[in-house]
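Following: one structure in structure tokens, then a few remarks.
The values are calculated or read from the model by the stated rules, or taken from the named source; none is laboratory data. The shown structure was predicted, so the numbers you read here are calculated from the model rather than taken from an experiment. Quick reminder, even Gly has a Cβ in these numbers, built from the backbone with ideal geometry, and neighbours come from all protein chains shown. Quick note on the areas: whole protein, heavy atoms, side chains included, nothing else; ligands and nucleic acids left out. Shrake-Rupley method; radii C 1.70, N 1.55, O 1.52, S 1.80 Å.
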Amino acid sequence: MGKTDNPKVKVRPVLTVDVEDWFHVCGHPVYADPATWDARPSRVEQGVDRILELLAPTGSRATFFVLGWVARKAPDAVRRIALAGHEIGCHGDLHRRLFEMSPGEFRADLVRSRNELEDLLGRRVTSYRAPEWSMRTPGNPALTVLVEEGFAIDSSLVAAAPVGLPGNPTRPMTIRTPSGPILEVPPMMGTFFLRRAIWGGGVCMRMSRFSRVNAAFERSLADGVPPVLYCHPWEFDDAHPPMPGLGLVGRLVKFAGRRRTEERLSTWLEQYTFAPISSVAA
């Protein structure tokens, strides 16, 4: 099937990937402790390579938000992402939610991961996404820290409880901080069981009818707002390990409709040419 990009539409859809391993579960007593990670079988490279395989023939480009921990453990995977022409962003170092850290701890986590990526790639990294959308509000002082550390784009705010506030931006907008401006680029939003929810990726997107999600995607393009999608390498891994100890919500987030991620992304890649998140600033 050929591309159906409308030449009259002045924006491209944006594809992002949160590059973390299957066991990077924020706040979980079994999986969140970094001291346990080396003993677990890493699967991040398999998932990354499957995403790169899907993207290779399409002409689409994505932004891969990479954990510093992943850059240290799987540097060749990060190099493959960059060599394929994709953009690298920062996802923090140890997959800690922002509200679990003091401002000083956040800065240290951010700088360590950014330096890890820049040393590996030999280029600047200027976009950031917080683990588990934990920026929460536009007034979070972490945005000021991002500006002070040279970041130009954040993609960490959503307009849905419990991870964000209803008044958070639903389209790209500039946020003014005491240290200067930063461009906020949120994911595509929708509804799930009559409540505001993320439709750019994750379990609510996977468990909603594709026709509804795709209609929102097309409306966003028609309105001149780039729909921002996101996914994780573990959603593309057929050998994803079982995860004993997860509660009901955790199992839904990780496993419900997981195979639909690749099916839906493949459908969109056949029809549209995706761009990295920096294209929004351009």
Legend entry - Additional length obtainable on full extension of the chain from Arg260 to Cys26, 0.36 nm per residue less Cα span: 81.9 nm
Inset, instruction - State the label only: which of [x] 47, 45, 41; [y] 66, 45, 29; [z] 54, 47, 41 corresponds to Cα extents along the principal axes in Å computed from the shown model? - result: [x]
Inset, instruction - Tell me which residues come under 5 Å, amide H to amide H, from Ala197 once H is placed; ignore anything under 5 positions away on its chain. - result: Gly190, Thr191, Phe192
Inset, instruction - Return the distance in nm (one decimal) between the two label points of a simple spin-label model at Leu248 and Asp76, each offset 7 Å from Cα along Cα→Cβ. - result: 4.4 nm
Inset, instruction - May I ask you to list the trypsin sites (Lys or Arg not before Pro) in the range 121-177 that are in a DSSP loop and have at most 11 other Cβ atoms within 10 Å of their Cβ? - result: Arg123
Legend entry - Stokes-Einstein diffusion coefficient of the range 1-123, Kirkwood radius over Cα pairs, 25 °C, 0.890 mPa s, in µm²/s: 155 µm²/s
Legend entry - Relative contact order computed over the chain (Cα-Cα under 8 Å; 6+ residues apart), in percent: 26 percent
Inset, instruction - Report the semi-axes of the equivalent ellipsoid for the range 197-236 in whole Å, largest first, where each axis is √(5λ) for an eigenvalue λ of the Cα gyration tensor. - result: 19, 12, 7
Inset, instruction - Take every Cα-Cα pair in the range 95-145 and report what % of them are more than 18 Å apart. - result: 30 percent
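Test of the criteria: in the range 27-136, which GluC sites (Glu not before Pro) are in a DSSP loop and have at most 15 other Cβ atoms within 10 angstrom of their Cβ?
For GluC sites (Glu not before Pro) across the range 27-136 that sit outside H, G, I, E and B with at most 15 neighbouring Cβ atoms in 10 Å, the list is empty.
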Legend entry - Qualifying chymotrypsin sites (Phe, Trp or Tyr not before Pro) in the range 147-204, DSSP loop, other Cβ atoms within 10 Å at most 15: Phe193
Legend entry - D (Stokes-Einstein, µm²/s), Kirkwood Cα radius, the range 146-272, 0.890 mPa s at 25 °C: 153 µm²/s
Legend entry - Spacing of the two label points (7 Å from each Cα toward its C-beta) at Glu100 and Arg176, in nm: 3.5 nm
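Suppose the chain between Leu83 and Asn214 were pulled fully straight at 0.36 nm per residue; how much longer would it get relative to their current alpha carbon spacing?
44.1 nm
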Legend entry - Within the range 61-86: backbone nitrogen closer than 16 Å to the Asn115 label point (7 Å, Cα to C-beta): 68-69, 71-72
Inset, instruction - Using the Cα centre as the reference, give the magnitude of the dipole from point charges on the C-beta atoms of the chain (Lys, Arg: +1; Asp, Glu: -1; all else neutral), rounded to the nearest 20 debye. - result: 880 debye
Inset, instruction - Counting only DSSP beta bridges with both residues in the chain, tell me the antiparallel percent, nearest 5. - result: 35 percent
Inset, instruction - List the DSSP H helices in the chain whose Cα atoms stretch 15 Å or more along the helix axis and whose mean Kyte-Doolittle hydropathy is at least 0.0. - result: 44-55, 210-222
Inset, instruction - Could you look at the chain and say what percent of its accessible area is carbon and sulfur, using a 1.4 Å probe and all protein chains? - result: 54 percent
Inset, instruction - For Glu184, list long-range residues whose amide hydrogen, built 1.01 Å from N in the peptide plane, is under 5 Å from its own amide hydrogen. - result: Asp154, Met173, Thr174, Ile175
Legend entry - Amide H contacts under 5 Å for Val66, placed H, 5+ residues apart: Val19, Gly89, Cys90, His91
Legend entry - Mean separation of Cα contacts under 8 Å, 6 or more apart, over the residue count of the range 95-181: relative contact order %: 28 percent
